[in-house]
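Asks: Just passing along the structure, written as structure tokens.
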Amino acid sequence: MAKLHLITYGCQMNEYDSDRVAGLLREHAWELTDDETQADLILLNTCAIREKAEEKVFSRLGELRKLKASRPDLIVGVMGCMAQLRQGAMLERAPGVDLVFGSPAISRVAELVERARHQRATVVETGEAPLVKITAKAPSASRLKSFVTVMEGCEKHCTFCVVPRTRGRERSHPPETILAEIRGLVGEGCREVTLLGQTVNAYGRDLTPPTDLAELFHRVNDVEGLERIRFTTSNPYNLTPALIRAMRDVPKVCEWFHLPLQSGSDRVLERMNRGYTRARYLELVDALRDAEPEIALSTDVIVGFPGETEGDFEETLAMVERVGYDNVFAFRYSRRPGTPAAEMPDQIEDAIKARRNTRLLEVVGRVTAARSARLHGRAVEVLVDGRAKKGEGELSGRTRCNRVVNFDGRGRTAIGDVVHVRVTEVLPHSLRGTLVASPEEALCSSR
Ligand code: SAM
């Protein structure tokens, strides 16, 4: 069999796409290898969200050029968001690339690779294409947890973001297709699915008849053998009372919600074109906590957006404290070509972005530590998903609120089990605990 080496950058959607590509190529006698020097085909699945992500890809392509010089038959391909957005730069800065294709062309990857094998010039395929559900996937030992794409694209047009240009319009997969995929995954041992979309909570409004994520939760919940449902990533603008009710009422939906804030300042939110205010975001948080008091909230924050003053930034810090997030992903604003914010006059210096990022991380450290501390002494429900990185016989898993818990399995439990663990130690990035027999007082147990 010919050998394929896949390098994946960026979000969960890219991980999902890479898995599909490996599966599709497998059907055409390509097997995965971890060793790029053994590969006949190297594919880089790329991310264009920040400049840093792009620079990583260009520098990797530079390294691969050397490998290709010693192995002229090697095919190097670039797929994903950068392929879609930066095909010109790609061909200019990485002339050795044989194949460039965007996510709409993934279903045709085998044909594109064949063309690249025989064609002298670079094969470029970055046009729009109908949405196709691909269920082929790479062979893998663990299928306990799986991503399932439920929609593609984004129509929000936030002024900082390239996604509408890399992933196209919002297009949802029909519920029946999603349910068939999930049933198949569960049949292979999957116990937890994460429903993916760029704005997953806008799911279904483009379908005929229209539906929504709340309705999808109810239907996925009925899949026997499935234990947990997660979803990401949501936009506060599309967070409806029906979705909040479904989070409360659908037993398998976990008490974890990633709700990107981006900024705590109304002035900045408006310039970002986010479609909500600080007050509206807080209203949503309060509604979520009323419905689900133990819910863990995580978020994305951008520091140094054009025109962000110290006062605006202080408002972001205050929001992080007020909401009490379990996790915060902090990003320094990156000027993306073709986006409205890139043209805004009052760009912020890198040194100021770096200083604000450091201050934000200090506040985040304090806030998330306080959230973790409340778990000390409590019993939590854990889906055991592997061996702990350290410690003989130690197992590891995640709570429904997405915390990593390590504990001594003592031969009494196995990977794939759902167990209850009392938290005895709270560490910066994980919890430690001991198995308990009774789930009665467990926090965030499946009801
Ligand atoms: N759909 C989500 C939303 O807007 O609510 C965003 C998903 S995006 C793939 C992940 C995160 O990357 C965003 O939430 C944002 O914080 C960050 N991001 C996007 N564009 C950025 C930029 N130009 N500079 C810095 N961070 C950016």
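The values are calculated or read from the model by the stated rules, or taken from the named source; none is laboratory data. The structure presented is a predicted model; accordingly, all values stated were derived computationally and were not measured. Using ideal geometry, Cβ is built from the backbone for each residue, glycine included, and neighbour counts are taken over all protein chains shown. Surface accessibility is based on the protein's heavy atoms, side chains included, excluding ligands, DNA and RNA. Shrake-Rupley method; radii C 1.70, N 1.55, O 1.52, S 1.80 Å.
Asks: Select from the range 243-259 the residues that are under 17 Å from residue 202 (Cβ atoms) and open to solvent by 10 Å² or more (accessible area, probe 1.4 Å) and write down the one among them that is nearest to the ligand (Cβ to nearest atom). Don't jump to the end; show me each part of the working.
Replies: Initial filter on the range 243-259 (under 17 Å from residue 202 (Cβ atoms)): 243-244, 246-247, 257-259.
With open to solvent by 10 Å² or more (accessible area, probe 1.4 Å) added as a condition, the list becomes 244, 258.
Numbers: 244: 17, 258: 9 Å.
Among them, the one singled out is 258.
Asks: Within the range 337-345, does at least one residue satisfy the condition of being closer than 22 Å to residue 227 by Cα, open to solvent by 10 Å² or more (accessible area, probe 1.4 Å) and of a type in the set (D, E, K, R)?
Replies: Checking the range 337-345: not a single residue is closer than 22 Å to residue 227 by Cα, open to solvent by 10 Å² or more (accessible area, probe 1.4 Å) and of a type in the set (D, E, K, R).
Asks: Looking only at the range 1-42, filter to residues that are more than 17 Å from residue 116 (Cβ to Cβ) and in a loop (DSSP other than H, G, I, E, B); which one of those is least open to solvent (accessible area, probe 1.4 Å)?
Replies: Out of the qualifying residues, it is 33.
Asks: Would you pick out the residues in the range 315-336 that are under 13 Å from residue 355 (Cβ atoms) and more than 10 Å from the ligand (Cβ to nearest atom)? Can you show your working first?
Replies: Within the range 315-336, the first condition is being under 13 Å from residue 355 (Cβ atoms), and the residues that meet it are 317, 330, 332.
Within the range 315-336, just 317 meets the criteria.
Asks: Among 211, 232, which is the only one that is within 16 Å of the ligand (Cβ to nearest atom) and in contact (Cβ under 8 Å) with a residue 12 or more places away in the chain?
Replies: Working: 211 fails: within 16 Å of the ligand (Cβ to nearest atom).
Checking each option against the conditions leaves just 232.
Asks: Give me the residue from the range 352-386 that is touching a Leu at 6+ places or on another chain (Cβ under 6 Å) and open to solvent by 20 Å² or more (accessible area, probe 1.4 Å) and, out of that set, farthest from residue 427 (Cα to Cα).
Replies: Once the filter is applied, the top-ranked residue is 385.
Asks: Only one of these conditions is not met by residue 135: (1) of a type in the set (Ser, Thr, Tyr); (2) more than 19 Å from residue 43 (Cα to Cα); (3) open to solvent by 20 Å² or more (accessible area, probe 1.4 Å); (4) touching a strand residue (DSSP E or B) at 6+ places or on another chain (Cβ under 8 Å). Which number is it?
Replies: It fails just one condition, (4).
Asks: Ok, one more. Only one of (1) under 18 Å from residue 46 (Cβ atoms); (2) open to solvent by 60 Å² or more (accessible area, probe 1.4 Å); (3) basic (Lys, Arg) fails for residue 167. Which number is that?
Replies: Condition not satisfied by residue 167: (2).
Asks: Tally the residues that are closer than 16 Å to residue 162 by Cβ, in a helix (DSSP H, G or I) and hydroxyl-bearing (Ser, Thr, Tyr), restricting the search to the range 71-128.
Replies: Qualifying residue count for the region: 1.
Asks: Given the conditions (1) away from the ligand (no atom under 16 Å from the Cβ); (2) part of a loop (DSSP other than H, G, I, E, B); (3) in contact (Cβ under 8 Å) with a residue 40 or more places away in the chain, report the number of the one that residue 161 does not fulfil.
Replies: (1)
Asks: Go through (1) surrounded by fewer than 20 Cβ atoms within 10 Å (Cβ to Cβ); (2) of a type outside the set (A, V, I, L, M); (3) out of contact with any Gly (no Cβ under 9 Å at 6 or more places or on another chain) one by one and return the number of the condition residue 87 breaks.
Replies: Here residue 87 meets the rest and fails (3).
Asks: Mind listing whichever residues of the range 392-401 are free of Cβ contacts under 8 Å to residues at least 60 places away in the same chain and under 14 Å from residue 431 (Cβ atoms)? Break it down stepwise before answering.
Replies: Restricting attention to the range 392-401, the residues satisfying the condition of being free of Cβ contacts under 8 Å to residues at least 60 places away in the same chain are 392-399.
Once the filter is applied, which keeps residues that are free of Cβ contacts under 8 Å to residues at least 60 places away in the same chain and under 14 Å from residue 431 (Cβ atoms), the range 392-401 yields 394, 395, 396, 397, 398, 399.
Asks: Would you mind finding the one in 156, 145 that is within 14 Å of the ligand (Cβ to nearest atom), farther than 29 Å from residue 94 by Cβ and either buried (at least 17 other Cβ atoms within 10 Å of the Cβ) or of a type outside the set (A, V, I, L, M, F, W, C) (or both)? First the steps, then the outcome.
Replies: Working: 145 fails: within 14 Å of the ligand (Cβ to nearest atom).
Unique residue meeting the criteria: 156.
Asks: For the range 197-213, enumerate the residues that are touching an Asp or Glu at 6+ places or on another chain (Cβ under 9 Å) and open to solvent by less than 20 Å² (accessible area, probe 1.4 Å).
Replies: From the range 197-213, those touching an Asp or Glu at 6+ places or on another chain (Cβ under 9 Å) are 197-199, 201-206; that's our starting set.
Once the filter is applied, which keeps residues that are touching an Asp or Glu at 6+ places or on another chain (Cβ under 9 Å) and open to solvent by less than 20 Å² (accessible area, probe 1.4 Å), the range 197-213 yields 197, 199, 201, 202, 203, 204.
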